[in-house]
Amino acid sequence: MRKHARIAWCLLPLGVILFHFTAGQRLLFAEKSIQLRLLGKTSELAGNHKKAVRFYLSAENAAHPKDVVLRTRLRIDAARALTLEGSPLEAAEQMDILLEPRPGQPLPGSLVTEAKSTLGLALYYAAYTLRLESSSPDMWTSETDGACQIFRDLYNAEIRTDKKTLALFYARNLEASIRLARARQGELASQPVPDAARAALERGVASKKRTAASE
């Protein structure tokens, strides 16, 4: 009994070291990252979306390099804040990158769904702004089609689940995307502009898209 106790006592420091360099180290990284994320949430709720983006990106940089789940969630947070801040095209690009297949390192299904929903909203607000800035369908059709397809897919997947919790949310976003694609220019201009689209109008989304297309 004493022999086993001595062995356990000798192995204890090794266990502490292993914890520090594995799970313990991740916890230390996560603690700092989550503190920054809370600051981002506070800024977002206060309507300071630009500041929220900075906090979310700082939180992602502070997270452990191998903590894929936390880093993914923070990238989604940043994309959501980017959309509200008036940069929906940049947010959509970030979500496209995030959703690229990762061999051997797939994302949890719930995060994939959240990323797709964030992408759909970014495309919707980009399309809304592009429609107000330009009457040419070439400027906004890909965004409206993308938003419609994403919310249609999400709705069809959700309606097959037992809970169907988000089915109504996806259905409403799909309906809004279809209405946006079919609305006449004058009809759209006469309606109240959503805050995210108004912020994007101030940044000139159409000019950014033309610049990106010419590069």
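The values are calculated or read from the model by the stated rules, or taken from the named source; none is laboratory data. All values reported here derive from a predicted model rather than from experimental measurement. When we count neighbours, we look across all protein chains shown, and the Cβ atoms used for this are built from the backbone with ideal geometry, even at glycine. Heads up: the accessible areas ignore ligands, DNA and RNA and are worked out on the full protein's heavy atoms, side chains in. Shrake-Rupley method; radii C 1.70, N 1.55, O 1.52, S 1.80 Å.
General observations
- Integer Hz, Karplus 6.51/-1.76/1.60 couplings in order for the stretch 31-42, x for Gly and Pro: 4, 5, 5, 5, 4, 5, 5, 4, 5, x, 4, 4
- The modelled label-to-label distance for the pair Asp138/Leu168, using points 7 Å beyond Cα in the direction of Cβ, is 4.3 nm.
- The simple spin-label model puts a point 7 Å past each Cα toward its Cβ; for Gln191 and His64 those points are separated by 4.6 nm.
- Trypsin sites (Lys or Arg not before Pro) restricted to the stretch 100-200 and DSSP loop, no more than 15 other C-beta within 10 Å: Arg160, Lys163, Lys164, Arg184
- Take each peptide in 199-210, 84-95, count the other Cβ atoms within 10 Å of every residue, and average; sorted highest first, the result is 84-95, 199-210.
- Solvent-accessible area, 1.4 Å probe, carbon plus sulfur percent, for the chain: 59 percent
- Karplus 3J(HN,Hα) series, Hz, for the stretch 177-187 with 6.51 cos²θ - 1.76 cosθ + 1.60 (x for Gly, Pro): 5, 5, 4, 5, 5, 9, 5, 6, 4, x, 4
- Built amide H within the under 5 Å cut-off of His64, gap 5+: Ala30
- Additional length obtainable on full extension of the chain from Ala157 to Ala46, 0.36 nm per residue less Cα span: 36.6 nm
- Arg102-Arg203 FRET efficiency (beta carbon distance; Förster radius 35 Å; 0.05 resolution): 0.65
- The chymotrypsin sites (Phe, Trp or Tyr not before Pro) of the stretch 47-131 include none that DSSP puts in a loop with a beta carbon having at most 15 other beta carbons within 10 Å.
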